[in-house]
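The values are calculated or read from the model by the stated rules, or taken from the named source; none is laboratory data. Just so we're clear, the structure is a prediction, and the values are computed from it rather than from any experiment. Positions of Cβ are generated from backbone atoms using ideal geometry, with glycine treated the same way; all protein chains shown enter the neighbour counts. These accessible areas exclude ligands, DNA and RNA; they are computed on the full protein's heavy atoms, side chains included. Shrake-Rupley method; radii C 1.70, N 1.55, O 1.52, S 1.80 Å.
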Amino acid sequence: MDPRNLPPDAGVGTRLAHTARDPHAHHGFVNTPIHRGSTVLFPTLDALEAALRADSRVGPYIYGLIGTPNSRELESLLASLDGGVGAVVVESGLAAVSVPLLATLSTGDHLLMTDSCYGPTRHLCQAVLPRMGIETTFYDPRLGAAIEALVRPNTRAIFLESPGSLTFEVQDVPAIARVAGRLGVTTIIDNTWATPLHFRPIEHGIDLVIHALTKYQSGNSDIMLGAIVARDEADWKRVKATAEHHGHYAHPDDCATCLRGMRSLEVRLARHAASALAVARALEARAEVARVLHPALSSHPDHALFRRDFSGASGLFACVLKPHPRGRDYLKAFLESLRLFGMGFSWGGFESLVVSSDVRASRVAAPWTDEGALLRFQVGLEDPRDLISDLDAAFAAAARATA
Ligand SMILES: Cc1ncc(COP(=O)(O)O)c(C=O)c1O
């Protein structure tokens, strides 16, 4: 079906299945073929010059770096899901973090960064931006409208990540966006946890939305990819130009793989969310666990904000263990006894994962006071009963190993 013929109130599953493809332009094949390529040929000089003047979202293709049918289809779907004017896909989620920052900030500018941000985002602020004369102040993710007190005359951007992908504080996004809008400060959010299916930041006043497509959108732990979606034209142009000037690129194979993942995003996300909540509740009931950090649990301090702004959760959450006299031995025995939770970074794939993290070392604005180990779980598509049994067995093995 031509996407223009979709009912205006078509549900998200329908849009995921029926947009961003054009079978009859490809001999009826359901999916768009993969267009690998650098050079695009022009029949005439007029055609070449017209292509250079055209809007790269819809005009003739120019060069592989600037766009392919596969990157364009993915970008059009991403922009429509978020309600933005356009998207830019890049080769990783981290590139999707750095590009809008570099598109927005110049020497002498000041950035406000949430203290709950993804580790490499923090590194960018602490090790890379200072070399360009850009200063970062980390702020307490729970500040809300009080962030205004931290805004300086040279504050150019406020960066949010909600919930933080390690510590799961939910931010008051509309309150921060209102302050930023009034003061003319650009807002950028890493929305990887919720995806546009469960939180649409542009509707809450955010200017630029980041997605690590490596996670839920692709959904199989087999590619790296990222995207930025812009609320307005000027922001989209700035981000697109910055990505091009720095040579950022999204491979057409990866774009097609991601698009394939997105066709089933709604059903996968529902399963991730339901299973994660079941696992989180099981952990909450265990004596070894000090607290569970999952915004959909009523025990979470930001549960009210979560219920106000989000339409659902995903499969990533954390728990803090009670301190153990043989901390590392206990942790090692626990992690190495798990059979279904792999130990490794990233998330959003079909398989369950766990990592432990020392948050205390990195926080600057909102100190982390828990003494026990923080374990972050990515709950995959396995039967949640098996996952809970796996955790039960690992707790028992860790207790035996450290008795
Ligand atoms: C919240 C968040 N943003 C961005 C990224 C970066 O994504 P990628 O691994 O594709 O570079 C990650 C990766 O774990 C992440 O957790």
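General remarks:
- Taking Cα atoms only, the orientation of helix 233-245 departs from the longest principal axis of the chain by about 90 degrees.
- Projected onto their three principal axes, the Cα atoms of segment 235-308 cover extents of 53, 27, 26 Å, largest first.
- Per-residue ellipticity at 222 nm, computed for the chain from helices alone with -39500 (n - 2.57) per DSSP H run of at least four residues, works out to -10500 deg cm²/dmol.
- With the charge dipole of the chain set up from +1 on Lys and Arg Cβ and -1 on Asp and Glu Cβ about the Cα centre, the Cα lying farthest toward the positive end among the listed residues His18, Ala230, Ile176 is that of Ile176.
- Selection from Cys117, Thr44, Leu6 lying farthest towards where the dipole of the chain points positive, charges on Cβ: Cys117
- Net charge dipole, the chain: roughly 460 debye, given to the nearest 20, about the Cα centre with Cβ charges of +1 for Lys and Arg and -1 for Asp and Glu.
- Restricting attention to the chain, the count of lysine pairs at 8 or more positions apart or across chains with alpha carbons under 27 Å apart stands at 4.
- Helix 265-284 axis, angle to the chain major axis (alpha carbon atoms, nearest 10°): 20 degrees
- Whether segment 42-173 is rounded, prolate or oblate, judged on the alpha carbon gyration tensor where a/c under 1.5 counts as rounded: prolate
- Solvent-accessible surface of segment 265-401, taken per residue with a 1.4 Å probe and all protein chains present: 46 Å².
- Net charge dipole, segment 73-219: roughly 240 debye, given to the nearest 20, about the Cα centre with Cβ charges of +1 for Lys and Arg and -1 for Asp and Glu.
- The eigenvalues of the Cα gyration tensor, multiplied by 5 and square-rooted, give the chain an equivalent ellipsoid with semi-axes of 37, 26, 19 Å from largest to smallest.
- Ranking Gly164, Ile147, Thr192 by how far each Cα lies toward the positive end of the dipole of segment 10-263 (charges on Cβ) leaves Thr192 at the top.
- On Cα atoms only, tilt of 384-401 relative to the major axis of the chain in degrees: 50 degrees
- Here the chain has 55 percent of its accessible surface on carbon and sulfur atoms, given a 1.4 Å probe and all protein chains in place.
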